[in-house]
Structures are given as structure tokens and as C-alpha cells.
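Quick one: the structure is below, and I'll ask about it shortly.
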Amino acid sequence: MNETTPTTSAMTDLRDLVERDGPFLTALIPARSDVAGASERFGVQVRNALRPASAEWEDDVAEMTSDLEALDHGDGAALIAVRARSGPTFAEFIDQPVRRAELTEAPLPRLAPLIEARQRVIAHVVVEVDLAGADLVAFDGGGTTTSEQVEGDTEHIHRGHPGGWSQRRFQQRAENTWDENARDVADAVEHMVARVDARIVLVVGPTRAQSMLVELLGDRLSIPTHAVEAGDDEGAAAEIVRLVSDIAATDTKRLLDEFKERVDHRTSTSLEVTEALAEGRVETLLVHDAESSDNPGIVDRAIRQALLTDADIHVVPNVAILDDGLAAILRW
């Protein structure tokens, strides 16, 4: 299994989804919170997104609308919702904004945008330090945020939107002087890195406190630790987003390089990919989220088969190796 792709365990819910009988409605809905009347606007976006559905979806659309309007629009920049005929509503917020609502009515759900959003969520820990202590925020790539207090042994686990640095799930404040508790903070960071399997630690704060903590963590961690140089919260958040996004982009490049290197264990023709999926020979499916005019629905069918055969899936740009939006690294 390639470490740069969403793991099969992280996509168990999607496998359960594609095992349902279709057809499916898939909606991609903007969920901006930085505008006046955001809640009312979100409700309008939901209703407008679902309105084009065919008449036979009338009862499902009514239930789906009610389910989605009950959600907190502030949990992400956009919402992906999927529903099989007469089934429950699946909904997940993503961090990537969308310009307009999209609705797909098809035999299978359109899951590529959701898989792509998940692969961009890189597990990371952000530490905001000063000379008195530190606030820690941990995000794992599977959507679970775990927290604990340094001074206590209580734990709270929140299942939901993975979010970013600007959406803090907890704070961890040490009240002693920095010199006395820097090692305690480093201990806490080390613990959180292991808990969420973080791939990067980002440190924000005054230069002295930053450098002390980065030095401590450099001796303890095998993952990168970056001092974030930014003048204010907005600048720091933007830099954190950039650094995390760089890791996601590097993952995709590494996977494409691996495809090129594995000459004897790859295929880039859609027919061969489809056959390999049917035989369970695909290790990692590479897809691009675009409808093929010659073979409608081929990407959705490939994703379904990949989920059912425990293949990893990675959404990539529309590069030359793809045929009808597909390529694959093979198990054998």
C-alpha cells in the first residue's frame, strides 16, 4: 500500500456507500461562512443544488434537504452529499471551496471530489508558543481530532470535519514559565504526533520560544518541524495551509514518479485498468475527476471496484498517462 494515498481503512465508509443499490444523487454545495447571512445563504444553496433532481427523487430530496439544512455551515468551505434512492443521507464537509453547486444523478455516486479532498488533509500538529506556554492543535487525516490537557488526564474525542488551524478544537495552556515547561510542551507535542500519525509540526510564536521548541523537537521527531514566519494570525494560517498543501502536492508527484518507475506493474489503458480491477490486481488506482465523453461513468465505476477490492485511490491532475481518466499501479 502506497503511503501517499488514502488508506482503505480511511475509506471504509465509502465502500459501504457504493455497496448500496443505486441510483444515487451526489451534490457538491458551497458552504461559505465569511458572508453576511451565511446560515440562510447555506439553506438557499442546499435547496438550489437539489432542485434540478428528477421527479422520482421528490421524497428523497425532501429528506435530504432537511438533513443538510440541519448541518452547521461553518464546518467547511463546501459540502458533499450523497444519497441512494430511499437510503440515508451521507454528508461530509471539505476544506476546498467550490464556486457553484453541482448535482449528479447517476447509477453510482460521484466520489472523486471527496477522495481528493481527503487526500489533501494531511495529519499535522500546530503549536502556538510564547514564553509562558503553548496552545496545541492536532488534526488527523481521517477526520478525528484528539485532545488532552497537559495538567490532567481527561480526553475528548470529536468526530467530524478535520478542519484547519483557524478552527481550533482545543487549547493546551501551561502556566509555568517557558524555561520550566518547554520540555513538557515538547512531550505533549511528541504524544500528539504519535496519536494522529502527524507528518509535520508547525510552530507559531515569538522567535525565541519558536527556536527553543523547534530545537527540542528536532532531536525527538522524525518528521519535519517548521517555524512559521508570519506577522499575524491570518498570515500564519495562510503559511500553514501552504506548507501542508505542499506535502499533498509532493505526495501526488511521488506517486506519479512511482508509476513511471514500475514499468512491469502498471497500466494506463482504461480497458486494462478495468480488467485489472475486476481481477483484484490493482494496488493503487489513479483517477482524474472528469467525465469521459466516450465512456460516461467509467471513473465512478473504477472507484467503486477499487473500493470493493481494497485498492488505494489517488486523484491526480489530467496528465498524459491517463486514458479516460484512469491509470493503475498493479499488485502483480
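The values are calculated or read from the model by the stated rules, or taken from the named source; none is laboratory data. Treat the numbers as computed from the prediction; the structure is a model and nothing was measured. Glycine also receives a Cβ, built like all others from the backbone with ideal geometry; neighbour counts cover every protein chain displayed. Protein only, heavy atoms only, side chains kept; ligands, DNA and RNA dropped before computing areas. Shrake-Rupley method; radii C 1.70, N 1.55, O 1.52, S 1.80 Å.
How much of H288 can a 1.4 Å solvent probe reach, expressed as accessible area in Å² and rounded to 10?
40
Over the stretch 266-332, with the other protein chains present, what is the accessible area per residue in square angstrom, probe 1.4 angstrom? Show your work: numbers first, answer last.
Details: 2810 Å² over 67 residues.
On a per-residue basis, the stretch 266-332 sits at 42 Å².
To the nearest 0.05, what FRET efficiency results for H191 and E261 with a Förster distance of 41 Å applied to their C-beta separation? Intermediate values should be presented prior to the final figure.
Values: r = 37 Å, r/R0 = 0.89.
Efficiency computed from Cβ-Cβ geometry: 0.65.
Would you work out what percent of the accessible area of the stretch 252-332, with all protein chains in place, is carbon or sulfur (probe 1.4 Å)? Intermediate values should be presented prior to the final figure.
Details: 1820 of 3810 Å².
Of all accessible area on the stretch 252-332, carbon and sulfur atoms account for 48 percent.
If r is the Cβ-Cβ distance from S245 to E63 and R0 is 30 Å, what FRET efficiency results, to the nearest 0.05? Working shown, then result.
Details: r = 36 Å, r/R0 = 1.20.
The pair S245/E63 has a calculated efficiency of 0.25.
Hey, can you find the accessible area per residue of the stretch 190-261 for me, probe 1.4 Å, expressed in square angstrom? Write down the numbers at each step before the final one.
Numbers: 3840 Å² over 72 residues.
Averaged over the residues of the stretch 190-261, the accessible area is 53 Å².
Would you mind computing, in nm to one decimal, how far apart the modelled labels at R331 and D219 are, each placed 7 Å from Cα along Cα→Cβ?
4.6
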